[in-house]
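The values are calculated or read from the model by the stated rules, or taken from the named source; none is laboratory data. What you see is a predicted model; the values in this text were computed from it and never measured. Note: ideal-geometry Cβ built from the backbone for every residue, glycine included; neighbour counts use all protein chains shown.
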């Protein structure tokens, strides 16, 4: 396999900044104003030497103007050109630029044949990889929205169904009605070393992006997601549960249709007794996870689907690290709580996650699972995927439709911890994965960034 070579002589046009045009204009003026080298000037006809006069001491004191060394215009031009090239790099030469990506064309030639687009409603949701020639596709679970289609590199598009979902790794197996598809070869000996080049294949001849492995596989700590409601205990005369007293804008709860005065009585079919019980239940989930809320509204009982988020500005001010991480691109909602993941510095959009990550030999190192920071992308290693894949294919982990969940079951009573007996705001105070959710005392109810996320 040919290694990518970045030629120093080839140059692609880039988007030039306005100041560069001004610099070029200044350079032109310098070239016009500076005198030409002596070799380029015509020598004037020789003049007879004038007789030297006595007492003309000034004429003997030092050289005249014509005896000064000529200006080396070529060296001046080279110095100016060097300054410009150091101050400005064409966008095509960035790691995500066309010039660099083209150098990895041979690297992704074969794996791109088995890379697909996961789509819904005419929009791209994620990338995916064919892991079985008879229509098995692996992708990122929390990006999926029904109905689904899978588009191959040859532009064929098939309806797809979700066969299995692993919540811990956020991976899902899809099935399409197709045979003899090009498929990826997954092996346990495909290991990534820190400092090695990696590429993300797409459905075109060049990779989506390239980068370098930053950190070897490690556990990514859990971070609780945010539901986006303020709670109180439900009145004794009504159903047991948590009373919603406020719904925050642009949150999973608002988009799911939760309303003030709703009483949340169950999450994913498990009954909740009060606000503390609800907060505990939600904290077990991550941003990007989808919850099924059973709510009592007047004399009706409704089941709503809410996707948890990772940050709600109205509830918790954005920290400095969160602001810095958000520069340049949107981050994946589900980007925490993986049992193992390798980290690389490839710049991917959330919709570009879900597909394979390969090394310079085209071997699959893992599947990109989340854009986690400004220069951080996580991938689930192939070694961790193989034991899960056949379990997901079996259908044992298939998600249940809402109407098959059945009635909410009463959970066993638990003693309430003393720290949670007071009204609190359950949410995040920083965006560093090493720190968990914090609780802040607030009067007048419980603001549950009742933390959980789903969908990027």
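So, residue 174, is that one free of Cβ contacts under 8 Å to residues at least 60 places away in the same chain, within 25 Å of the chain's Cα centre (by Cα) and not in a loop (DSSP other than H, G, I, E, B) or not?
Working: free of Cβ contacts under 8 Å to residues at least 60 places away in the same chain: yes; within 25 Å of the chain's Cα centre (by Cα): yes; not in a loop (DSSP other than H, G, I, E, B): yes.
Yes; evaluated as a whole, the condition is true for this residue.
Residues are listed down the side, and each one gets a yes or a no for (1) surrounded by 23 or more Cβ atoms within 10 Å (Cβ to Cβ); (2) modelled with pLDDT of 95 or more:
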{"site": "260", "(1), (2)": "no, yes"}
{"site": "268", "(1), (2)": "no, no"}
{"site": "285", "(1), (2)": "yes, no"}
{"site": "308", "(1), (2)": "yes, no"}
{"site": "311", "(1), (2)": "no, no"}
{"site": "316", "(1), (2)": "no, no"}
{"site": "329", "(1), (2)": "no, no"}
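Scanning for something assigned to a helix (DSSP H, G or I), out of contact with any strand residue (DSSP E or B) (no Cβ under 8 Å at 6 or more places or on another chain), touching a residue at least 60 places away in the same chain (Cβ under 8 Å) and within 22 Å of residue 344 (Cα to Cα), does segment 113-135 turn up at least one residue? Outline the logic, then answer.
Residues of segment 113-135 assigned to a helix (DSSP H, G or I): 113-114.
Imposing the further condition that a residue be out of contact with any strand residue (DSSP E or B) (no Cβ under 8 Å at 6 or more places or on another chain) reduces the set to 113.
Now restrict to residues that are touching a residue at least 60 places away in the same chain (Cβ under 8 Å): 113.
In the following step, the residues that additionally are within 22 Å of residue 344 (Cα to Cα) were identified as none.
The answer is no, given that none of the residues of segment 113-135 is assigned to a helix (DSSP H, G or I), out of contact with any strand residue (DSSP E or B) (no Cβ under 8 Å at 6 or more places or on another chain), touching a residue at least 60 places away in the same chain (Cβ under 8 Å) and within 22 Å of residue 344 (Cα to Cα).
Please count how many residues of segment 132-177 are at positive phi and crowded, with 17+ Cβ neighbours inside 10 Å. Full working, then the answer.
Residues of segment 132-177 at positive phi: 135, 155, 170.
With crowded, with 17+ Cβ neighbours inside 10 Å added as a condition, the list becomes 135, 170.
Residues that pass the stated criteria total 2.
Filter segment 89-128 down to residues that are modelled with pLDDT of 95 or more, more than 16 Å from residue 143 (Cα to Cα) and under 19 Å from the mean Cα position of the chain (by Cα), then give me how many there are.
Residues meeting the conditions: 1.
Out of everything in segment 220-241 that is touching a residue at least 60 places away in the same chain (Cβ under 8 Å) and farther than 19 Å from residue 288 by Cα, what residue ends up being surrounded by the fewest Cβ atoms within 10 Å (Cβ to Cβ)? Let's see the steps before the verdict.
Taking segment 220-241 as the starting set, the residues that turn out to be touching a residue at least 60 places away in the same chain (Cβ under 8 Å) are 220-232.
With farther than 19 Å from residue 288 by Cα added as a condition, the list becomes 230-232.
Values: 230: 24, 231: 27, 232: 16.
My answer is 232.
Do any residues in segment 385-399 that are surrounded by 13 or more Cβ atoms within 10 Å (Cβ to Cβ) have Cβ atoms under 8 Å from those of residues that are at pLDDT below 80 and assigned to a loop (DSSP other than H, G, I, E, B), where the two are at least six apart or on different chains, and which pairs are they?
Partner pairs satisfying both residue conditions: 391/397.
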